[in-house]
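The values are calculated or read from the model by the stated rules, or taken from the named source; none is laboratory data. All of these numbers come straight from a predicted model, not from anything done at the bench. Here the Cβ positions follow ideal geometry from the backbone for every residue, glycine too, while neighbour counts run over all protein chains shown. The protein model used for the area step is the full one, side chains on, heavy atoms only, and it has no ligands, DNA or RNA in it. Shrake-Rupley method; radii C 1.70, N 1.55, O 1.52, S 1.80 Å.
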Amino acid sequence: MESKLAPNGDIYSTVNGFMEKAHSEGKVAARKNGFVKPAFAQNGKILHVAQNGGLYKKPFNQSFEETPMLVAVLTYMGYGILTLFGYLRDFLREWKIEKCHHATEREEQKDFVPLYQDFENFYTRNLYMRIRDSWNRPICSVPGAKFDVMERVSHDYNWTFKFTGTVIKDVLNMGSYNYLGFAESQGFCANAATKATIQYGVGVCSTRQEIGNLDKHEELEKLVARFLGVESAMAFGMGFATNSMNIPALVGKGCLILSDELNHASLVLGARLSGATIRVFKHNNMQSLDKLLKDAIVHGQPRTRRPWKKILIVVEGIYSMEGSIVRLPEIVALKKKYKAYLYLDEAHSIGALGPSGRGVVEYFDLSPEDVDVMMGTFTKSFGAAGGYIGGKKELVDYLRSHSHSTVYATSMSAPIAEQIIASMKCIMGEDGTTLGQTRVQQLAENTRYFRRRLKEMGFIIYGNDDSPVVPLMLYMPAKIGAFGREMLKRNVGVVVVGFPATPIIESRARFCVSAAHTREMLDTVLKVIGEVGDLLQLKYSRHKLDPLLDCPFDETLNEENKD
């Protein structure tokens, strides 16, 4: 099904080639990301969501409801008041009226250019410190569906903390990336990791190129390649370094990187370290990406106008702060059209999407050959650590000798490798059970149920209906800390997120749904969220969802549709 605009302004929906006139109340509205939104609306409610042309084989719906005007104004006012009081407190600290705890230059450095004085430091000192107790809470158990939290108190307004000796037991865990529930201290995976520890020890004490290459590493890489459906794969000991150290090995001066504006810090760092030219396109916006690709082909490099050596498109599978899923079929189409390369980071999507947990490529029923560089981490769905890169054998062989993560980094420990092998075999069904497939299905059911209930309760929820990352918008600065504290009082552990991880006025709570959560657990959490939402007045939704509809990519849409 697709929607079209007739010359007279009426909206028509095409179903199996037949044209039907849509509701006369419906209008076409331009979203800020450049898409034309067919808003089949009646009395302010969307009645239908179109499917995207021929690129998508199933509905692809993700919503980003606009912030109510009053909430936006109050949020700006809140930050303005906090900023004014921050300057007042800095004035008092300068005159030694208020004690200063923050990092400052030594007296002999007073004539130097300030090392610590910037906006982030001002924000940390005067805004973040007020709600610092909502972060870095130490836990003392396995981060499964429930965990134990060590209680702490502060007597100097969150500058320092002291432990009370009390442990808060059985806190419902809605913050860990434990998508498939493999973060366990007992069971098949834990037993396998224990055996590996006894046989190999914990550390390897060498790099892969020296004497740190274990048989477990070889086994793991062959298994990852089979799991992804690629020719070859390579494992690394750290997920962040998998991006930041391998991108510089693939591109350099004279190359162009086209990066989504919401890409993870590891991708941003890797792109900057590479020395390549970086251009940023609007989040999941195919018109913006198409324009950058077209300009790159037509104009080439600045000044010399020579063709770019390589053009690399860098995207994520699931964006961990927005809960959105990459529009991969459209990106693949653009990549093929302009002969560019595609680097796909599946840190959050591998194991969490697709009928058999093989990530966003399987979710869209695409071929792994459509992606040139498949990257992912073992820190989420596999309950371990490290990352991987998969693709053509030539690509992996090149990285083995050119990647800083291979040449200089200590190789992955054997217990970690064994944990990944055991969990991946479980997902693939090679352990002789259906436990892995059951967990993948359970995660999908839990995700849809949790998202649907939150929307029904009146909260503004970002992202795709199938994304296990569920951002709930808080907006106002005072509500960031209040939400985290009130949830913990009710024995629910959540992650609250603010600047600089998000735009300064888009603070949120980020829930991570797991296959380990039972329906009773989710109902308990939803009940608590409802209570806290009423207490803090967080139910901002006006039930007028503004979805990023799966409209087909159309070159004729121009920049007039932006902002």
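Taking the listed residues ASP550, ASP546, the one that is open to solvent by less than 10 Å² (accessible area, probe 1.4 Å) and modelled with pLDDT under 95 is ASP550, with no other qualifying.
Filtering the range 333-343 to residues that are farther than 15 Å from VAL251 by Cβ and open to solvent by less than 10 Å² (accessible area, probe 1.4 Å) leaves only LEU334.
Let's see how each residue does on (1) within 18 Å of ALA501 (Cα to Cα); (2) of a type in the set (Asp, Glu):
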{"site": "PHE236", "(1), (2)": "no, no"}
{"site": "VAL251", "(1), (2)": "no, no"}
{"site": "ASN263", "(1), (2)": "yes, no"}
{"site": "TYR319", "(1), (2)": "yes, no"}
{"site": "GLU322", "(1), (2)": "yes, yes"}
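May I ask you to verify whether VAL361 is in contact with a helix residue (DSSP H, G or I) (Cβ under 9 Å, 6 or more places away or on another chain), within 24 Å of ILE420 (Cβ to Cβ), open to solvent by 10 Å² or more (accessible area, probe 1.4 Å) and of a type in the set (Val, Ile, Thr)? So VAL361 fails the test. The residue that is farthest from ASP345 (Cα to Cα), counting only those in the range 276-323 that are open to solvent by less than 30 Å² (accessible area, probe 1.4 Å) and touching a Ser or Thr at 6+ places or on another chain (Cβ under 7 Å), is PHE281. Filtered by the rule that a residue be within 30 Å of ILE131 (Cα to Cα), within 29 Å of the chain's Cα centre (by Cα) and among the hydrophobic types (A, V, I, L, M, F, W, C), the range 157-204 gives ILE168, VAL171, LEU172, MET174, ALA183. Of everything in the range 27-64 that is open to solvent by less than 10 Å² (accessible area, probe 1.4 Å) and either of a type in the set (Gly, Ala, Ser) or modelled with pLDDT of 90 or more (or both), the residue that is nearest to PHE459 (Cα to Cα) is SER63.
Looking across the range 381-403, the residues that are touching a strand residue (DSSP E or B) at 6+ places or on another chain (Cβ under 9 Å), of a type outside the set (A, V, I, L, M, F, W, C) and open to solvent by less than 10 Å² (accessible area, probe 1.4 Å) come down to GLY386, GLY387, TYR388, GLY390, GLY391, SER403.
Screening the range 126-143 for residues that are assigned to a loop (DSSP other than H, G, I, E, B) and closer than 19 Å to ALA509 by Cα and picking the one that is most open to solvent (accessible area, probe 1.4 Å) gives ASN136.
Pairs linking a residue in the range 56-68 that is over 17 Å from ARG452 (Cβ atoms) to a residue that is open to solvent by 70 Å² or more (accessible area, probe 1.4 Å), with Cβ atoms under 6 Å and 6 or more positions apart or on different chains, are LYS57/ASP365. Helices (runs of 4 or more DSSP H) fully within the range 316-414 that include at least 2 residues being closer than 22 Å to GLU221 by Cα and either among the aliphatic types (A, V, I, L, M) or modelled with pLDDT under 95 (or both): 360-363, 393-402, 404-407.
Evaluating GLY175 against the criteria (1) without any contact (Cβ under 8 Å) to a residue 24 or more places away in the chain; (2) open to solvent by less than 30 Å² (accessible area, probe 1.4 Å) leaves one unmet condition, (1).
Pull up the range 415-431, narrow it to residues that are at negative phi and part of a loop (DSSP other than H, G, I, E, B), then point me to the one that is most open to solvent (accessible area, probe 1.4 Å).
Here the residue is GLU430.
Looking only at the range 255-292, count every residue that is assigned to a strand (DSSP E or B) and of a type in the set (Asp, Glu) and tell me the total. Count: 1.
Whenever a residue of the range 155-172 is closer than 15 Å to SER141 by Cα, its partners that are open to solvent by 40 Å² or more (accessible area, probe 1.4 Å) and among the acidic types (Asp, Glu), lying with C-beta atoms within less than 6 angstrom and at least six residues away or across chains, give the pairs THR166/GLU151; ILE168/GLU151. Among the residues making up the range 441-470, those that are closer than 30 Å to CYS189 by Cα, open to solvent by less than 10 Å² (accessible area, probe 1.4 Å) and either in contact (Cβ under 8 Å) with a residue 24 or more places away in the chain or aromatic (Phe, Trp, Tyr) (or both) are LEU443, ASN446, THR447, PHE450, SER467, PRO468, VAL469, VAL470.
For the range 74-98, give me the residue count where each residue is outside any helix (DSSP H, G or I) and open to solvent by less than 80 Å² (accessible area, probe 1.4 Å). Give the steps one after another, and end with the answer.
Of all residues in the range 74-98, those outside any helix (DSSP H, G or I) come to 95-98.
Keeping just the survivors that are open to solvent by less than 80 Å² (accessible area, probe 1.4 Å) gives 98.
Residues that pass the stated criteria total 1.
So that you can scan it fast, the table gives a plain yes or no per residue for (1) out of contact with any Cys (no Cβ under 9 Å at 6 or more places or on another chain); (2) modelled with pLDDT of 95 or more; (3) open to solvent by less than 40 Å² (accessible area, probe 1.4 Å):
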{"position": "ALA482", "(1), (2), (3)": "yes, yes, yes"}
{"position": "GLU486", "(1), (2), (3)": "yes, yes, yes"}
{"position": "VAL496", "(1), (2), (3)": "yes, yes, yes"}
{"position": "ILE505", "(1), (2), (3)": "yes, no, yes"}
{"position": "CYS512", "(1), (2), (3)": "yes, yes, yes"}
{"position": "HIS517", "(1), (2), (3)": "yes, yes, yes"}
{"position": "THR524", "(1), (2), (3)": "yes, yes, no"}
{"position": "GLY530", "(1), (2), (3)": "yes, yes, yes"}
{"position": "ASP534", "(1), (2), (3)": "yes, yes, no"}
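Quick check: anything in the range 152-163 of a type in the set (Ser, Thr, Tyr), open to solvent by 50 Å² or more (accessible area, probe 1.4 Å) and not in a loop (DSSP other than H, G, I, E, B)? Within the range 152-163 (the criterion being of a type in the set (Ser, Thr, Tyr), open to solvent by 50 Å² or more (accessible area, probe 1.4 Å) and not in a loop (DSSP other than H, G, I, E, B)), the answer is no, since none of the residues qualifies. Selection of the range 386-420 for residues being within 21 Å of ILE211 (Cβ to Cβ) and within 17 Å of the chain's Cα centre (by Cα) yields only GLY386.
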